[in-house]
Amino acid sequence: MKNVIAENIVNATITASSENPDYLFSVALIDSRLSRVGRTLSDSAQWVKFSFAAAVDVDTVGIFGNNFTSGATVKIQANATDVWTSPSIDTALTYTKNNRKSTEQGRDVGVWSHQFTSTESYRYWRIYVDDAANPDTYIEMGFVFLDESTDFPGMAVNQTFPRQSTSETTFSTSGQAYGLKRLQYNGVTASFPSITQDQRETYDTFFDKVDLVTPYMMLVWESSLDKQRPIYVINTNLPEWPRVEGAGGILWRANMEVREVF
């Protein structure tokens, strides 16, 4: 499992190739609500740039709340200088379909992500999108991760992925059902049976940062995104850290529960 907190974006100067003045990227991309989006004025050869005071470390990229079609060309670019004729990094992102959003919008939409094999450090980063067949005629993004990840150890093979709903149903005295259909969202429950003391201290730092309120990016199986797409989640509990009996040295175990947010 790989978890990513958005820590770099809040320190970036955000600019774009074009921008709808009512949907600014510099506002939307520092707001954790995916409903707050930035939009371009075109859907062809568009980019959103993140400029930093100094180089920042990145090993995972994720784009949530976007309207890109599955046929779009989406790339992460990076360079030591603000020159883009031949950037040092120019890498295509992987598309993972979001079945729920695709059903709602009547076309394929999803999460775009990339995991570098080793941490990359650059001062300037760009997301490039060419999606000329997009029926919206613009490019939209809700949240972006350009950060290092916290890698969790092996999970017990008892993960659950509950699908939950905020819908409500009432029943009449004669048995008829009357429903109000609302939002469906996904959850993940996982357990970690063997955690070292050093790992526990790393994960405590992670939980200190996100607590129960800060959304982050979860890749349950980072090498098998076709099995479970990256999801945008918050914790619904914090670990209790029971000690593992009979193990050499000090070992711990923990349970983790999250829910998807938007």
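The values are calculated or read from the model by the stated rules, or taken from the named source; none is laboratory data. Quantities reported herein were computed from a predicted structural model and do not represent experimental measurements. Counting neighbours? That spans all protein chains shown, and the Cβs are built from the backbone with ideal geometry, glycine included.
Here are the numbers for this structure:
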item	result
Per-region count, segment 149-202, residues over 20 Å from residue 256 (Cα atoms) and of a type in the set (D, E, K, R)	3
Qualifying position, being modelled with pLDDT of 95 or more and part of a strand (DSSP E or B), among 83, 48	48
Search result, residues across segment 40-66 that are buried (at least 22 other Cβ atoms within 10 Å of the Cβ) and over 20 Å from residue 91 (Cβ atoms)	40, 43, 65
Residue within segment 157-164 that is part of a loop (DSSP other than H, G, I, E, B) and aliphatic (A, V, I, L, M) present	yes
Long-range neighbours under 9 Å by Cβ, at least six apart or interchain, first residue farther than 16 Å from residue 5 by Cα within segment 226-245, second aromatic (Phe, Trp, Tyr) and in a strand (DSSP E or B)	239/192; 239/252; 241/252; 242/252; 243/252; 244/252
So residue 186, is it touching a residue at least 12 places away in the same chain (Cβ under 8 Å), assigned by TED's automatic domain parsing to the domain that holds residue 72 and on the phi < 0 side of the Ramachandran plot	no
Positions within segment 135-151 being in a loop (DSSP other than H, G, I, E, B) and surrounded by fewer than 21 Cβ atoms within 10 Å (Cβ to Cβ), in sequence order	135, 136, 137, 138, 148
Residues located in segment 106-134, provided they are among the aliphatic types (A, V, I, L, M) and outside any loop (DSSP other than H, G, I, E, B)	111, 127, 129
